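Below is one structure, written out as structure tokens; comments come after it.
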Amino acid sequence: MWKLLGQPPRFDSLARRVDEYLEPTADLSHISVAVPSCATRQRGAWAAIARTTISGVVVTAFVLFALPALAGRPQAARHTVMVFGDSLSAAYGLKPDEGWVALMANRLSARGVAVINASISGETTSGGLRRIKGDIERNKPTLVVVALGANDGLRGLPVAETRRNLAGMLDAIKHSGARAVLVGIRIPPNFGIEYAGNFKNLYGVLAAERRLPLVPFLLDGIAENFDNFLPDRLHPSAEAQPRILQNVLPVIERALLLTPAGATARETPRP
């Protein structure tokens, strides 16, 4: 190849030489036959190689750097989900990124959903009712996940009071134009089986009356085994958080009309 083309030009001057070789030549129309010299053929061959090489470099750089960056870029948020709960949702005793809300945020961010965790450890339904309007105004969610009541039950507060507070929060969410998902809570029968039963049922009744999506029990599949909890036996461990997400995420996806991860379908907000 080198015998045909001659000694290759220096690469630091290749672009300049290509420009020189490709400049329009003088009008030779008065010459009936033009036989290119060996040097002209060499220059033409090197010009073709340079054009191919430069184009290849540009295309390769775009494929290697631009396309992966575009593919990995998260979508702009089309929905904002605000989780409004207590220590069960606030990653109590865990690193912030280990809690189920953070895990959900990671799962949904690439699908155009922003997740805000407005949960506070120790929160009761009365405390939630006092701050719900301010949190909605500040975060402007399109969907609010109400996961409160556990601290009411552990303190033996009247079920009617818990129901009234939850209803007030749901009213505030509806008034704001956002939608709500209600998360059910169950408690051990420390205050009697009847109290625990009435507490469990209030979530299903509220959801049915208001036609709301319901997560029947936040700790389903977890509460039965103390190995799923921190030493206090009240708060789920980091290892249990993916199971909590498994309980909640499908309901969130349906509420937002999102296709479950791995499937293909429309992702259109409900009117």
| task | Taking amide H positions as placed in the peptide plane 1.01 Å from N, state which residues far from V144 in sequence (5 or more) or on other chains have amide H under 5 Å from it. | result | M82, R179, A180, V181
| note | Expressed to two decimals, the range 165-238 has a Cα Rg over Rh, using the Kirkwood radius, of 1.04
| request: From the C-alpha gyration tensor of the range 148-271, pull out the three semi-axes of the equivalent ellipsoid (sqrt of 5λ each), sorted largest to smallest, in whole Å. | output: 27, 22, 10
| request: Could you run the Karplus curve 6.51 cos²θ - 1.76 cosθ + 1.60 with θ = phi - 60° over the range 114-130 and give me ³J(HN,Hα) per residue in whole Hz, x for Gly and Pro? | output: 8, 10, 10, 9, 9, 7, 10, 4, x, 5, 10, 5, 5, x, x, 4, 5
| task | Quick one: divide the alpha-carbon radius of gyration of the range 81-146 by 2.2 N^0.38 Å and tell me what you get. | result | 1.09
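Read the figures in this text as sums done on the coordinates, not as results from a lab. Everything numeric in this text was worked out from a predicted model, so none of it was measured.
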